[in-house]
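All remarks here apply to the structure that follows.
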Ligand SMILES: Cc1cc2nc3c(=O)[nH]c(=O)nc-3n(C[C@H](O)[C@H](O)[C@H](O)COP(=O)(O)OP(=O)(O)OC[C@H]3O[C@@H](n4cnc5c(N)ncnc54)[C@H](O)[C@@H]3O)c2cc1C
């Protein structure tokens, strides 16, 4: 029986979507392996109620290991997960990705002399073992990664795994006392926060309105902010406009930016370069506005509008507002 241990990050009394996706994926895989999916949460006891921890049961975790310690820092989580895996014999550790997931996963790999695969977009079971699928060569091909080590570490691409509620079961909560290594406590969390665009965290937003060089100038983003506001979404950007200083790096989507999977990704004045596509191709619906009917983005859009965004975006905003008011 092979069980999977998943790290779940929480902030202000809620688990982030990326962690819930990892727990859901861990539960699916553990089910196929005939084992269980367990989660580990680390934080100050006051912010980690029984109910919050047990709520991971809705995503398929059967047990949650609750560890009192500094949340949001990698090394204490490495200590916690290494101890839990050594005590309980989990076969795999799974992370949803993101900077913290990468850092903890890498540390845990070194600590356990484990095998690791990062930027994983899919995992399958083959002959009773997990095989990670990782896109390579700018996502033009997919490589299969098999594990030979006792413990396999899987670090997903951010938001690669879908958060799925599988029922209303509550996970058992077990407190674990972990003795942190002195070096693990040398970094101190000064403050935590989330980067937001139009007051919505872009990685969790259901609707993203993204702008590219076709906006013509930094002020072009004002119209997108207005549209995003009307739709209740957030604003995202290409690297070209971030490099030009038109919008903040925190909103950059793509290979060297964030990976998102909203319900709607509305791309205005974006050509659809491969490096941008890899960050948004998981979106449920892609709508593109581009004046060039041959723009590559139309090849992977669900709806393409050929025209001048300066005329279309304000009209769209007006229409959305009118619909909301009426
Ligand atoms: C190693 C590496 C990493 C990279 N990482 C990233 C990354 O993370 N994210 C990313 O986005 N890019 C990344 N890039 C850059 C990427 O290759 C593209 O250059 C970039 O995505 C292009 O941005 P864009 O679509 O805004 O601009 P452009 O390619 O210049 O496209 C602008 C589009 O706007 C359209 N347009 C112009 N005017 C209008 C108008 N009035 N109305 C409607 N449409 C109009 C044009 O037809 C055109 O299709 C990376 C590149 C490299 C080499």
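Read the figures in this text as sums done on the coordinates, not as results from a lab. Only a predicted model underlies this, so the values are computations on that prediction, with no experimental measurement involved. Glycine gets a Cβ as well: all are built from the backbone with ideal geometry, and neighbour counts include every protein chain shown.
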Rounded to the nearest 10 degrees, what's the angle between the helix 309-325 long axis and the longest principal axis of the chain, both from Cα atoms, 0 to 90?
-> 70 degrees
Could you work out the relative contact order of the chain, using alpha carbon pairs under 8 angstrom and six or more residues apart, expressed as a whole percent?
-> 15 percent
For the Cα atoms of the chain, what angle does the longest principal axis make with the long axis of helix 74-88, in degrees from 0 to 90, nearest 10?
-> 50 degrees
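Let me know the shape class of the stretch 35-112, please: from the alpha-carbon gyration tensor, a ≥ b ≥ c as square roots of the eigenvalues, rounded when a/c is under 1.5, otherwise prolate if a/b is greater than b/c, or oblate. Write down the numbers at each step before the final one.
Details: a/c = 1.59, a/b = 1.20, b/c = 1.33.
Judged from the Cα gyration tensor, the stretch 35-112 comes out oblate (a/c at least 1.5, b/c at or above a/b).
Once you have the Cα-Cα distance between residue 44 and residue 181, take 0.36 nm times their residue separation minus that, and quote the gain in nm to one decimal.
On the way: separation 137, 0.36 × 137 = 49.32 nm, distance 1.76 nm.
Answer, rounded to one decimal: 47.6 nm.
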Using the number of other C-beta atoms within 10 angstrom as an exposure proxy, rank 154, 85 with the fewest first.
-> 85, 154
Ordering of 230-243, 115-128 by burial proxy (mean other Cβ atoms within 10 Å per residue, highest first) = 230-243, 115-128
Kindly put 129, 217 in sequence by how many other C-beta atoms sit within 10 Å of each C-beta, fewest to most.
-> 217, 129
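Would you order 109, 256, 191 from fewest to most other beta-carbon atoms within 10 Å of each residue's own beta-carbon?
Details: 109 21, 256 12, 191 5.
Taking fewest neighbouring Cβ atoms as first place, the list is 191, 256, 109.
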In degrees, nearest ten, helix 17-33 long axis to first principal axis of the chain (Cα) = 50 degrees
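May I ask what percent, to the nearest 5, of DSSP beta bridges between residues of the stretch 1-156 are antiparallel? Could the numbers behind the result be given before it?
Numbers: 13 of 34 bridges.
Rounded to the nearest five, the antiparallel share is 40 percent.
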Any idea what the relative contact order of the stretch 1-109 is, in percent, if you count C-alpha pairs under 8 Å spaced at least 6 apart?
-> 33 percent
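Need one number: % antiparallel among DSSP beta bridges in the chain, to the nearest 5. Could the numbers behind the result be given before it?
Values: 14 of 60 bridges.
Here the antiparallel bridges make up roughly 25 percent for the chain.
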Length added when fully stretched, residue 294-residue 14, from 0.36 nm per residue minus Cα-Cα | 96.5 nm
